[in-house]
1. For the range 164-236, what is the convex hull volume of the alpha-carbon atoms per residue, in Å³?
2. List every residue whose amide H lies under 5 Å from the amide H of ILE171, counting only residues 5 or more places away in sequence or on a different chain, with H placed 1.01 Å from N in the peptide plane.
3. Please list the radius of gyration and Dmax for the range 113-204, considering alpha-carbon atoms only, with Å as the unit.
4. Roughly how large, in nm² to one decimal, is the mean projection of the convex hull of the alpha-carbon atoms in the range 55-142?
5. Please list, or write none, the aspartates and glutamates whose alpha carbon is within less than 19 Å of the alpha carbon of LYS82, excluding same-chain residues fewer than 8 places away.
6. So what is the accessible area of the range 137-295 per residue, in Å², with the probe set to 1.4 Å?
7. What part of the accessible area of the chain, given as a whole %, is carbon or sulfur when the probe is 1.4 angstrom?
8. Under a Cβ-Cβ cut-off of 13 Å, what is the net charge of the residues other than GLU154 that fall near it, where Lys and Arg count +1 and Asp and Glu count -1?
Amino acid sequence: MKLYGGIEAGGTKFVCAVGTGPDDIRAETRFPTTTPAETIQRVIQFFREQPEPVTAVGIGSFGPVDPDPSSPTYGHITSTPKAGWRDTPVRDMVAEALGVPVAFDTDVNAAALGEHRWGAAQDVDSFIYLTVGTGIGGGCMVEGKLLHGLTHPELGHILIPREPHDRFPGICPYHGGCLEGLASGPAIKARWGNQAESLPPDHPAWLLEAHYLAAALASFICTLSPQRIILGGGVMQQAHLFPLIRQEVPQLLNGYIQSPAILSDIDRYIVPPGLGNRSGVLGAIALAQQLDAEV
Ligand code: ADP
Ligand code: ZN
């Protein structure tokens, strides 16, 4: 039986796993993201220590990245503000050390693929996986294929109308008050002075958070026409956000999009990940399987 490697390359931590799916993970490890050289060395060491070799490896990476296989910088992390990681050829480093085929995509596209294969999107083929955590990012599957386009979607960096009373400038180094600048975990902390996880459920932070996320989802629904929206990431651990968002999205769309999914079945339309916090690493394994099936 063939085994596959998955690497979730996050800006805060890396997760590596070997196996064939959610019910068959043979080994798993996680460690903090430090320098590229040190972090990738730990990745390589983990796979070399395995009793059985992997057939292929998949990487789902924080970004921005170059996911275009025909580009000379394919598999590189490109313009990231994360210190030391700009222009890092992550895929090449892993492929050269392990000598197996290596698939590469964004962390959120990998998570979307994982959710499609084993999680909350098994019955649809056009959907969005949005993570609301240290950053905000979205993976998109469109008619069965992961969407890349020009580079890859950057759903966290869309500009959304500001609430008139909101004077917070936002924290995105590129755009100030884009969605990520207004509504990521660090934005909540900067705005209210406390870690998001320490704010009580009745804190005004959450109504505003739900409002900005609902505004973003209404835009995504109008542009990408997803059949489902999965919301993951640390901030979405606040389960009370789901009913607030589900209530506001149809109000913002105001009856224009005539789909039962939105008009009468929103609880099954805007959902948490079926794989919990493992969508990314399992999706990376799915990327590896997909590549192996192609070659
Ligand atoms: P990352 O984005 O680094 O992969 P997470 O998705 O866990 O990791 O996001 C971390 C962010 O989510 C932090 O800003 C943190 O404050 C916030 N966060 C983590 N857990 C919770 C929680 N239970 N409630 C609200 N915010 C949380
Ligand atoms: Zn931005």
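The values are calculated or read from the model by the stated rules, or taken from the named source; none is laboratory data. Fair warning: this is a prediction, and the values are worked out from it, not measured in the lab. Cβ atoms come from the backbone with ideal geometry, glycine included; neighbour counts cover every protein chain shown. All accessible areas refer to the heavy atoms of the entire protein, side chains included, with ligands and DNA or RNA removed. Shrake-Rupley method; radii C 1.70, N 1.55, O 1.52, S 1.80 Å.
1. So the per-residue Cα hull volume is 107 Å³.
2. Placed amide hydrogens put GLY181, LEU182 under 5 Å from ILE171.
3. 15.7, 43
4. Working: hull surface 26.6 nm².
Seen from a random direction, the Cα hull of the range 55-142 projects 6.7 nm² on average.
5. Cα-Cα hits under 19 Å: GLU8, GLU38, ASP66, ASP105, ASP107, GLU154, GLU180.
6. Values: 7700 Å² over 159 residues.
Accessible area per residue: 48 Å².
7. Details: 7030 of 13280 Å².
Reported share for carbon and sulfur atoms: 53 percent.
8. On the way: positive: none; negative: ASP107, GLU180.
Around GLU154, the charge tally is -2.
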